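First comes the structure, then the notes that go with it.
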Amino acid sequence: MLLISAATLALLATTTTLSQSSKPLRHRLVIMLIPLIVLTVCLAALAAAIAWGGPKDITPLASVNTPFDGVDFSGVPPAQRYTARDGTALAWYAYAPASDAASTPPRRVVLVHGSSSRARSTHVLAQALAAQGFAVATLDMRGHGESGPRGQVAYIGQMEDDVEDFVRAVPHAGPQTLMGFSAGGGFALRFAGSDRQALFDRYVLLSPFLHQDAPTARPDSGGWASAGVPRLIALTLLNRVGITQWNHLPVLRFALDEASAANLTPSYSFALAMNFRPHSDYEADIRNARGKVCIVAGQNDELFYADRLADTFAKAGKSVPVTLVPGVNHIGLTLDATAVRTVALACNG
């Protein structure tokens, strides 16, 4: 009996010891599993953001869509082509300077359209510039118009390559200005602050988009753009570690009506959205722009806070002349007779 009791006590002691020793083991296992669980959750959230976090539909914005209804496009010159470094033929349009106003050689204005648009949309402005004696080249930027698949570029930085390729492929003997409207104005600032800025000696920014967090930004660009924020954040994080395989996915959708969507670019891939704008540190672009920069905007711009442009640039370290055209809204800057004359004067200033 005593022998059985002793054996029982020994077994109980052993069991208790094993039970106690297994607690630290379980604790260590839990600690080891926590990072794996967190990583799995993060990867699942990242995957969900990429898969389902794209831009939503947005109500068409009449102030952008309807102003072009009454424009006479019959005088748009035929498209010409230049070959970019990747072998793609990109479209551009030449407006010859008025013979009685042109200097020898005339200044060339390389004109970049706004988001979703194409060179044709700048026809009225291009004509006004040509009438003032400028040689004008309007570009269908890659991913727009007749320049490659709409809404896509192959990599971030390809659009700068394209502009440089245009300047090399279609040389001009006189001085040159890079002028951009809206997103194109932001792209012109991106170029002005880059190591290629010497290709142009002047930069004219027309109602430029700077950054979604800049003081000039209205929510959703005044109702013009719907951003897929979860996908934008996810792809930005992946790009920071060199993963770019999902950069073709759409992250921006524009407030086009059905008729306009058939001819323009309804959405942007991540790569195009990140390229057709200033760099993320737009203030560095402003500081690094050593050439002459000026800004023209409509006083009644409904997409951006135009009255904050001068202060935004000054606070970033570069004071630039800003002209606000009274009574003119965003699209009106490229169509209104007074506005386009003001822009032409800015090129000469």
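The values are calculated or read from the model by the stated rules, or taken from the named source; none is laboratory data. As the structure is a prediction and not an experimental result, all values here were calculated from the model. Quick reminder, even Gly has a Cβ in these numbers, built from the backbone with ideal geometry, and neighbours come from all protein chains shown. Side chains included, ligands, DNA and RNA excluded: accessible areas come from the protein's heavy atoms. Shrake-Rupley method; radii C 1.70, N 1.55, O 1.52, S 1.80 Å.
The residue that is nearest to Leu210 (Cα to Cα), counting only those in the range 262-299 that are at pLDDT below 95 and among the small types (Gly, Ala, Ser), is Gly291. For the range 328-349, the candidate set comprises residues that are within 23 Å of the chain's Cα centre (by Cα) and not in a helix (DSSP H, G or I); within that set, the residue that is nearest to Phe73 (Cα to Cα) is Leu335.
Within the range 315-327, the set of residues being surrounded by fewer than 17 Cβ atoms within 10 Å (Cβ to Cβ) and assigned to a helix (DSSP H, G or I) comprises just one member, Lys315. Residues that are open to solvent by 30 Å² or more (accessible area, probe 1.4 Å) and among the hydrophobic types (A, V, I, L, M, F, W, C) were ranked within the range 72-91; the one that is nearest to Ala169 (Cα to Cα) is Ala89.
A count restricted to the range 224-273 and to residues that are among the basic types (Lys, Arg) and open to solvent by less than 40 Å² (accessible area, probe 1.4 Å) stands at 1.
Tell me which residues, restricted to the range 335-349, are over 20 Å from Gln176 (Cβ atoms) and either open to solvent by 10 Å² or more (accessible area, probe 1.4 Å) or among the β-branched types (Val, Ile, Thr) (or both). Those that are over 20 Å from Gln176 (Cβ atoms) and either open to solvent by 10 Å² or more (accessible area, probe 1.4 Å) or among the β-branched types (Val, Ile, Thr) (or both): Leu335, Asp336, Ala337, Thr338, Arg341, Thr342. Among residues of the range 176-204 that are closer than 20 Å to Arg218 by Cα and open to solvent by 10 Å² or more (accessible area, probe 1.4 Å), those with a Cβ under 6 angstrom from a residue that is part of a strand (DSSP E or B) and not aromatic (Phe, Trp, Tyr), sequence gap 6+ or separate chain, pair up as Phe181/Leu206.
Just to be sure I understand, how many residues within the range 107-133 are open to solvent by less than 10 Å² (accessible area, probe 1.4 Å), under 14 Å from Ala91 (Cα atoms) and outside any helix (DSSP H, G or I)? Number of matching residues: 4. Scanning the range 283-306 for residues being buried (at least 24 other Cβ atoms within 10 Å of the Cβ) and within 16 Å of the chain's Cα centre (by Cα) gives a total of 3. Within the range 327-345, can you find the residues that are closer than 19 Å to Ala131 by Cβ and touching a Leu at 6+ places or on another chain (Cβ under 7 Å)? Within the range 327-345, Leu333, Thr334, Ala339, Val340, Val343, Ala344 qualify.
If you check Phe209, Phe187 for being in contact with a Gly (Cβ under 7 Å, 6 or more places away or on another chain), closer than 19 Å to Glu302 by Cβ and not in a strand (DSSP E or B), only one passes: Phe209. Would you check if Ile50 is among the aliphatic types (A, V, I, L, M), under 30 Å from Asp140 (Cβ atoms), at pLDDT below 95 and open to solvent by less than 90 Å² (accessible area, probe 1.4 Å)? Yes; evaluated as a whole, the condition is true for this residue.
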